[in-house]
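See structure below.
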């Protein structure tokens, strides 16, 4: 039995919950507002598919969660996140200047 109280870990769970709320809501809202009306379900499904891929990648690293391999676990995740963050910034840095044009796009229509 550990002498530590189980509530010690609640802070990290609260922070993860807040980050999930902020990231998920922002991503869903951005995908919904920028997609043409007749493609919204496809765009939303692609966004949720990327979440599924991220979860699968996380599961792939579960085998590294043993004591001597923890440095590799956290190190590889840090490198992947850093690389992804730089690639994301390179790909979307110009979107802020195009925000008005994207918001005023004509709505899609069904023929």
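Derivation of every value follows stated rules applied to the coordinates shown; laboratory data play no part. On a predicted model such as this, the values are computed, not experimentally measured, just so you know. All Cβ positions, glycine included, derive from the backbone under ideal geometry; neighbour counts span all protein chains shown.
With the helix formula -39500 (n - 2.57) applied to DSSP H stretches of n ≥ 4, the chain reaches a computed 222 nm mean residue ellipticity of -22500 deg cm²/dmol.
Packing around the peptides 47-53, 34-40, taken as the average count of other Cβ atoms within 10 Å per residue, puts them in this order, highest first: 34-40, 47-53. Panel order for 74, 13, by other beta carbons found within 10 Å of each beta carbon, from fewest to most: 13, 74.
Would you please calculate the Kirkwood hydrodynamic radius of segment 55-107 over all C-alpha pairs and express it in Å, rounded to one decimal? Don't skip to the end; give the middle numbers.
Working: mean 1/r = 0.0720 Å⁻¹.
Over segment 55-107, the inverse of the mean reciprocal pair distance is 13.9 Å.
Please label the shape of segment 6-60 as rounded, prolate or oblate, based on the square roots a ≥ b ≥ c of the eigenvalues of the alpha-carbon gyration tensor (a/c under 1.5 means rounded; beyond that, a/b larger than b/c means prolate, else oblate). Oblate.
For segment 31-45, the residues whose backbone nitrogen is under 17 Å from a point 7 Å from the Cα of residue 91, taken along Cα to Cβ, are 31-32, 34-35, 43-45.
Quick one: length gained pulling residue 42 to residue 4 fully straight, 0.36 nm per residue minus the C-alpha distance? Working shown, then result.
Numbers: separation 38, 0.36 × 38 = 13.68 nm, distance 4.69 nm.
Between residue 42 and residue 4, full extension yields an extra 9.0 nm.
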